[in-house]
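The values are calculated or read from the model by the stated rules, or taken from the named source; none is laboratory data. For clarity, every value in this text was computed on a predicted model and none was experimentally measured. No Cβ is skipped: glycine too gets one built from the backbone with ideal geometry, and neighbour counts run over all protein chains shown. Remember, those area values only see protein heavy atoms, side chains included, never the ligands or the DNA or RNA. Shrake-Rupley method; radii C 1.70, N 1.55, O 1.52, S 1.80 Å.
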Amino acid sequence: MSEKNREGKRTARERMLEQREAEEASARRRKKLIVGGAVLAVIAAAVVVGVVVQNQRSKPETPAAAPAGTIGDKNLVIPVGAGNAPSVLTVYEDPRCPACGTFEREFSATVDQLEDAGKVYTNYHIVSFIDRAVPGKGSKTGANALACAQDAGHFRDYHDVLYRNQPDETSDAFGNKAVLLNLAKQVDGLDTPEFQACVNDNKFGGWVSSVQQDFDKSSYKSTPTVLLNGQPIYPKNGNDEITPANLAKWVDAANQGKQLGTAGSHGQTPAPTSAASEANNPSPAAG
């Protein structure tokens, strides 16, 4: 074979190899584009789903009713104690919040005593945001059960029972209505057909959503948030750590020279009235 023919065949082979390599490179590029497009489509879909889920989370239920005796703007606050007490203690809590459970187990007896002595009028904001971050619905169902207890005139006793029996944050036991109803048996007079229906039918679900929306608009972002006459006192009041003894001392100092409110018991006698409000504790500005 002549040198020229060998050169021609070699050149043809090279051209064929080059063409094949070019085709393979083109195929690889197309594959990358297809895969990349699919990934973008998945991401876009995830974003849309995330927006929809977020919108569903923030979309309020229709607040058809508020529990009896609630106060404040749109009746979103559950009051305990005498409305004519000289000091207002404001508490933001979530039923699933472990720090709230710790606070209640340490301070509920002291708070109850201050209420019964007519020293403080406690205003509870029962929020329900933990369900957003931890799977389950115990924040909302627990909050509704507390609203049902308020409607029945047994909020404080049931509130204390719930926090004494609070499950681990991740267990969502309060998402089980049977658990909430069973705990109501520990409160004299609460375990009634009316209370059971209120819990099972999620009667105050819209109200629960409204309370959470109000919290979302506030400058407060965690629970428990505890204020005495509008001043944050948890975990510290200035440089002083909060303790049951310090809480009682701070209340007595705030009440110095003032007439105490009507003494009661269990936060239900006298019954809370809508005439009183958080006058000493205005709603925080939006954060």
At 0.692 mPa s and 37 °C, Stokes D of the stretch 154-247 from Kirkwood alpha-carbon radius, µm² per second: 206 µm²/s
Å² of accessible area per residue within the stretch 155-263, as computed with a 1.4 Å probe and no ligands counted: 49 Å²
Cross-link table K140/K221; K177/K203; K74/K217; K74/K185; K119/K249, entries beyond 20 Å C-alpha to C-alpha: K74/K185
A correct Karplus calculation of ³J(HN,Hα) over the stretch 145-162, with 6.51 cos²θ - 1.76 cosθ + 1.60, θ = phi - 60°, whole Hz and x for Gly and Pro, returns 4, 5, 5, 5, 5, 4, 4, 8, x, 9, 4, 4, 5, 5, 4, 5, 5, 4
Can you run phi through the Karplus equation (6.51, -1.76, 1.60; θ = phi - 60°) for the stretch 96-105 and list ³J(HN,Hα) in whole Hz, with x for Gly and Pro? 8, 6, x, 5, 5, x, 4, 4, 5, 5
With label points set 7 Å from each Cα along the Cα-to-Cβ direction at Q186 and Q113, the distance between them in nm comes to 2.1 nm
Can you give me the distance in nm between label points at N165 and T262, each placed 7 Å from the Cα along the Cα-to-Cβ direction? 3.2 nm
Provide the FRET efficiency to the nearest 0.05 for the R105-A197 pair, computing r from the beta carbons and using R0 = 22 Å. 0.15
Please compute the alpha carbon radius of gyration of the stretch 79-145, then divide it by the globular-protein estimate 2.2 N^0.38 Å. Two decimals is fine. 1.24
Roughly what would the spin-label model give for N239 and S219, points 7 Å off Cα along C-beta, in nm? 2.3 nm
Calc'd 3J(HN,Hα), the stretch 110-115, phi into Karplus 6.51 cos²θ - 1.76 cosθ + 1.60 (θ = phi - 60°), Hz, glycine/Pro = x, comes to 5, 4, 4, 5, 5, 5
5 Å is the cut-off here: which amide hydrogens, built 1.01 Å from N in the peptide plane, fall below it relative to G83, excluding neighbours closer than 5 in sequence? T273
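Report in % the part of the accessible area of the stretch 114-257 that belongs to carbon and sulfur, leaving out ligands and nucleic acids; probe 1.4 Å.
After summing per-atom areas, the C and S share lands at 47 percent.
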Hey, can you rank 120-127, 98-105 by average C-beta count inside 10 Å, highest first? 120-127, 98-105
Cα point-scatterer Debye curve for the stretch 85-211, base-10 log of I(q)/I(0) at q = 0.11, 0.21, 0.22 Å⁻¹: -0.35, -1.27, -1.37
